[in-house]
Structure formats: structure tokens, C-alpha cells
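The structure's right below; bear with me while I get my questions together.
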Amino acid sequence: MAIPRFWREIDSRYNLVGTRCGNCGDIDFPPRSVCPKCGRKSLGKMERLQLSGHGTVVSYTVVHDAPSGFEAIRPYSLAIIELEEGARLTSQVIDCDPAEIGIGMPVEAVFRKLGEEGESGIIHYGYKFRPSGKAPPMEGQD
Amino acid sequence: MAGEVAIVGAGQSRFGVLKEGIKSLFAQAFFECLDSVDKGMDPRQVQEAFVGSMSFGGGQLGNLAALMTEQVGLTHIPARKVENACASSSYALRDAWFALHSGMLDVVLVAGVEKMTDLPSDRRRYWLGVSGDTEWERLAGTTFAGLYALMASRHMHEYGTKRESLAQVAVKNHRYASHNPKAHFQRPIKLEQVLEAPMLAQPLTLYDSCPVSDGASALLLTRAELAKSFTDSPVYIQASSGASDFLALHDREDITRVDGTVKAAKEAYRQAHLSPGEVDMAEIHDAFTIGEIMALEDLGFCSKGQGGVWTLEGRTEIGGDIAVNTSGGLKAKGHPLGATGAGQVVEVFKQLRSEAEKARQVSGAEVALTHNVGGSGATVAVHIFSR
């Protein structure tokens, strides 16, 4: 991914910053500039919101046939996670045996390396999740 | 609205790992289609062309439709590429359907073409992911197998869907493909082979996945009142519908269903004045086996959660409640992205005219449905056809 395209989303990738619609109260992650439910009524009312990083597993898989850039870490666990605020995201689940992962399992966000742009390119950092209670949760900076 | 557009010709190249490039594949599909018009058609009667393609690999990203049509002698007509992920040629069909409905045109070509197998593997992996959510899914390491695996895990959790049900989709569709000389895979497989194949994304193995295929498909459409001058057995389009959804799977309300399919199907049945039980056969989007099971439910053929049971009980086979993917489906006939949707209609055209190979002909089929999905469900098209 090109540097500007990654840089633009750094707040959310590093610190789990989402948005709350000032009209209906729905919470979105990643941030949206328009609420899909409210449309025009939400314009200018999308508030930044620091998410806690605590959530539960909605579904999970273990990827063995990896896309480019992920070959070195395969197999790896992937999950759709519902955050306690209600928004959902997709993330790797780390620091545990894939067999430990189950639907409904509590997880927490941690800051990790996601990948890099070739051998001498920039390194991408962002969130991954791990089973809750393994260490103190990620501190937000907002 | 229903039945005002007819298909008078349909043809396709073989789907598979082929030596030919897009020009040759397109020509094979076009001329087979032209030759299938019973009373003949002068290519100069084709007024406009709608060509579905992803331009996989970026070989001919721009001006693809002009290139494809000039290769077969269709010069100086308006031609455009229609791109909508894996549902590209189903949307080309829908656009052509609108054009004929408008009364501005009488005869049009709908086609699809994709060349996928001649890229280096890292480029191929990149292109296979381009219809996913790049910033928030792919960056986490998703693949399409991974996304469908997430749907499968949740479906198994909520409805008790068995691993064997998924595998049975592959077994059934390989069996039908073995009777389809145009199919990518020509051999039946056993349930154990699916279960024991290399893992792509748990619980899906290599045999739960469609292959990467080359291929092209073509249809000739006319306004219904003109159809009989081309053939005594046209196939009528009774409904055309589509729906989009959130691109990222995690943004959808319930990942055990595809809302785009639910919505598009409802609209299609409304247009056609038909209920799901009146459909004799369906070509549905089984890029991954769980996709067929969920679509059986979302299209209303069975109740929610029963797709796996129906599959294991043989209710989706020829002679069952509804014959599903008699061509072999994407799973075994192959999935050359842009050619897939129009390719589903090629099967419908043959089935409704009783021209399919005997071992997979649905006897007396009168109503057929096609279901084509882009990506993990962000784009869906549903069409209903009748004799």
C-alpha cells in the first residue's frame, strides 16, 4: 500500500480511533465521514471516538494460503471482532494457539508490526488482537 | 416488464488453464454463440456490445471492449467494458436488458472474458484480492478463502452446518462438471478428498474453492417480439435485479447471510411473478462451497440454516427439489471472473432448450435462475429466465 494511503489512516490503525454519529449515535470503525444510516443529517456531526480495544470474536479462521506479504507468518489466525462499543473490524489474533480461539472469546487490541513495503520500504504498524488478560490493554493516546 | 427481452444465442469457450489469450477466447465464445442462433444472424445486426471483464492482471485495462469486438469483426458499434468484480458480465447482461427495454436497440451482444492463468504467482495473488476491502480487510491479511471461511465458521456455529455439507457441494459440482465438456475440471471427486486437501483457510480446503480459470462467454439478446425471427426456442428474461452491500464483511449485519442476495432475489421474484419453489434449476455463485449453501437459503429455496442439510440430502441435485449448478458451477466448471455471469446464462440457455449433455440435463426445465456475486457479497446480480 502506498505511503500516503497508509499515513492517512494512522490515527485509526495505531490508536483505534473511530467515529460516532452525532445524529443517531451509531459507532463506526474505521471512521466514516458520513453515517450510512443518516446520510446528509450526519454531515459535520461525525465525532472522533477513541475505542477501548476490548471486544469479542464473532467468527474466526486460520489462513494457510496467504496473500503476498503474509507468507512468512502463515498460518495465522484471523477474526471478525465486535468491539464493546458495537463496531466490528477484521484483525489477526495473536499470542495464542489457534486452537484456543473460539466464537465469543474476549480479546483485546495490541500494537504490532503489520507488514513492510519490500525489503527497504517503510514498516506498517497497527492493531492486532490477543486473548484478553494476557497483558495490560493498549493505551490510547487520545 | 417480464419477458420483454429474449436470448437467441449463447456460447462459450472452454473454461480452464488454456493456452489461448483473451482475443482467441473471446472469438471462440462469440462464434459459438453466433452459430447457436437457429435461423442465423448476420453479425452486422448486432448494434451494441456489453463486455464484462475485470481485465485481470491489467493486460488490457482500457478499451477492452473495442479490442474484443474488433477482433470478431464487430467494428464501429458502441462497445463498453462492464466491471463489477466477479459479477461483471451479469451486470453487462443487466445493462443490455435496460438498453433493449428502452426501445433504443433491437439486437445486442453480452459477453464476458478473463485471462487469469498466465501471471506470475505473486501478481496473481495480488489480483485475486483486488475486489476486497483493501485498507481494512486486506491489510489484516484476508483472502477471499479467508472471508468465506469466516462466514462458514459462523454458519457452522449458529446452524450446526456440518463440514461434510460443504464438501458435498464440491462433490456434486465436480460430478456435474465431469459431464460438461466445457468445464475446467473433468473428473468426479470423493468427499474424503475434499476433507483431506491442503487447507486454504480453516475450515475450507483447496477443494472447497473454485479454480483460477481462463475463459469467455457470449450471449445474443433481442427484444422479445423479434426473437422468433432468430429462433423458435428463445429463452426469455423474466427478471433482472441486483443489490450492493458494505464492501467489508465485518460491516454487514449478519455474516451468515448475504443481504445483497436476499434483496436482489426478492426483487427478481416480484418482477417474474414467481416464487422460489417454481424455479426448476439454478446456477448459483459457489466460488467457495459455503457460498452455495448460504445462497440456497438467501435465494429462498430452503429456510435459513437448512442449506447444508438440503445439500447432504441430495435436494439440490437433478431430481431433487431444485437442480443447482448442473454446469459444475464456479467450483468445477471454473471461474474466469468476467466470463462467469454470462457463462451461467449459457448453461441456462442449454438447459431450458434441453440441449445440455444427457447426464446433466434437467428434464422439462422451464424456469431457471442465475445468481452471481462480486467479492464476498458487496455486489450481487440475480436473473430469472423461462422458455
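At a 1.4 Å probe, what is the % contribution of carbon and sulfur to the accessible area of the range A:54-131?
Carbon plus sulfur share of accessible area: 49 percent.
How large is the charge dipole for chain B, taken about the Cα centre, if only the Cβ atoms of Lys, Arg (+1) and Asp, Glu (-1) carry charge, to the nearest 20 debye?
I would put it at about 580 debye.
With springs only between Cα atoms under 10 Å apart, run a GNM on chain B and tell me which of B:Y91, B:Y269, B:Y126 wobbles the most.
B:Y126
Give, to the nearest whole percent, the P(r) tail of the range B:121-189 beyond 15 angstrom, counting all Cα pairs.
67 percent
Skip the ligands, DNA and RNA, and give the accessible area per residue of the range B:16-144 with a 1.4 Å probe, whole Å².
With all protein chains present, the range B:16-144 gives 41 Å² per residue.
Which entries in the list B:K172/B:K263; B:K182/B:K358; B:K190/B:K331; B:K23/B:K228; B:K39/B:K228 go over 20 Å, if you measure between the two C-alpha atoms of each?
B:K172/B:K263; B:K23/B:K228
Next question, about the same structure. Once you have the alpha carbon radius of gyration of the range A:54-131, what is it after dividing by 2.2 N^0.38 Å, with N set to its residue count?
This ratio for the range A:54-131 stands at 1.12.
How large is ³J(HN,Hα) for each residue in the range B:319-334, as worked out from phi by the Karplus curve 6.51 cos²θ - 1.76 cosθ + 1.60 (θ = phi - 60°), to whole Hz, x for Gly and Pro?
x, x, 5, 8, 7, 10, 6, 5, 6, x, x, 4, 3, 10, 6, x
Using a 10 angstrom cutoff on alpha carbons, build the Gaussian network for chain B and name the most mobile of B:L61, B:L109, B:L195.
B:L61
For chain B, calculate the relative contact order in percent as a whole number, restricting contacts to Cα pairs under 8 Å that are 6 or more residues apart.
Relative contact order here is 27 percent.
Something else now. Treating the beta-carbon of each Lys and Arg as +1 and of each Asp and Glu as -1, no other charges, what is the dipole magnitude of the protein assembly as shown about its Cα centre, to the nearest 20 debye?
Rounded to the nearest 20 debye, it is 380 debye.
Ignoring solvent entirely, what values of log10 I(q)/I(0) come out of the Debye formula for the protein assembly as shown at 0.06, 0.10, 0.13 Å⁻¹ when each Cα is a single scatterer?
-0.29, -0.78, -1.24
Please list 3J(HN,Hα) in residue order for the range A:126-131, calculated via the Karplus relation 6.51 cos²θ - 1.76 cosθ + 1.60 where θ = phi - 60°; whole Hz, with x for glycine and proline.
Using θ = phi - 60°, the values come out as x, 8, 10, 10, 9, x Hz.
Ordering B:C210, A:C21 by how much accessible area each has at a 1.4 Å probe, largest first, what is the list?
Listed by decreasing accessible area, they come as B:C210, A:C21.
Report the B-A buried area as the accessible area lost on both sides summed, probe 1.4 Å, in Å² to the nearest 100.
That pair hides around 2900 Å² of surface in total.
Can you list the residues of the range A:42-64 whose accessible area drops by at least 20 Å² going from the chain on its own to the full set of protein chains, with a 1.4 Å probe?
When all protein chains are present, A:V58, A:S59, A:Y60, A:T61, A:V62, A:V63, A:H64 each give up 20 Å² or more of accessible surface.
Turning to a different aspect of this structure: What is the projected area of the convex hull of the Cα atoms of chain B, averaged over all directions, in nm²?
16.6 nm²
Compute the convex hull volume of the Cα atoms of the range A:2-50, divide it by the residue count, and report the result per residue in Å³ as a whole number.
71 Å³
Which percent of the accessible area of the range B:96-236 is formed by carbon and sulfur heavy atoms (probe 1.4 angstrom)?
Result for the range B:96-236: 53 percent of the exposed heavy-atom area is carbon or sulfur.
Using only Cα atoms, figure out Rg for chain A and give it as a multiple of 2.2 N^0.38 Å.
Compactness ratio reported: 1.11.
Does anyone have the angle between helix B:259-272 and the longest principal axis of chain B? Alpha-carbon axes, 0 to 90°, nearest 10?
Orientation of helix B:259-272: about 40 degrees from the principal axis.
What is the magnitude of the charge dipole of the range A:54-131 about its Cα centre, with +1 placed on the Cβ of each Lys and Arg, -1 on the Cβ of each Asp and Glu, and no other charges, expressed in debye to the nearest 20?
40 debye
So what is the accessible area of the range A:54-131 per residue, in Å², with the probe set to 1.4 Å?
Per residue, the range A:54-131 has 41 Å² of solvent-accessible surface.
Can you give the accessible area per residue of the range B:243-387, in Å², using a 1.4 Å probe?
Normalised by residue count, the accessible surface of the range B:243-387 is 28 Å².
Here's something else I'd like to know. Please give the contour-minus-distance gain from B:A359 to B:K19: 0.36 nm per residue of separation, less the Cα-Cα distance, rounded to one decimal in nm.
119.6 nm
Still on this structure: Springs between alpha-carbon pairs under 10 angstrom, Gaussian network model over chain B: which of B:G146, B:G307, B:G215 fluctuates most?
Top of the fluctuation ranking is B:G146.
Let me ask something else. Could you state the angle between the C-alpha long axis of helix B:22-35 and the longest principal axis of the C-alpha atoms of chain B, as a value from 0 to 90 degrees rounded to the nearest 10?
Tilt of helix B:22-35: around 60 degrees.
If the label point is 7 Å along Cα→Cβ of B:S102, which residues in the range B:186-223 have backbone nitrogen under 18 Å from it?
Inside the label zone: B:221-223.
Oh, and also: In deg cm²/dmol and to the nearest 500, what is the mean residue ellipticity at 222 nm of the protein assembly as shown if only DSSP H runs of at least 4 residues count, each as -39500 (n - 2.57), divided by the residue total?
For the protein assembly as shown, the value works out to -8000 deg cm²/dmol.
The values are calculated or read from the model by the stated rules, or taken from the named source; none is laboratory data. Source: prediction; values computed, not measured. Cβ sites come from the backbone with ideal geometry, for glycine too, and all protein chains shown count toward neighbours. Keep in mind that these areas ignore ligands, DNA and RNA; they rest on the heavy atoms of the full protein, side chains included. Shrake-Rupley method; radii C 1.70, N 1.55, O 1.52, S 1.80 Å.
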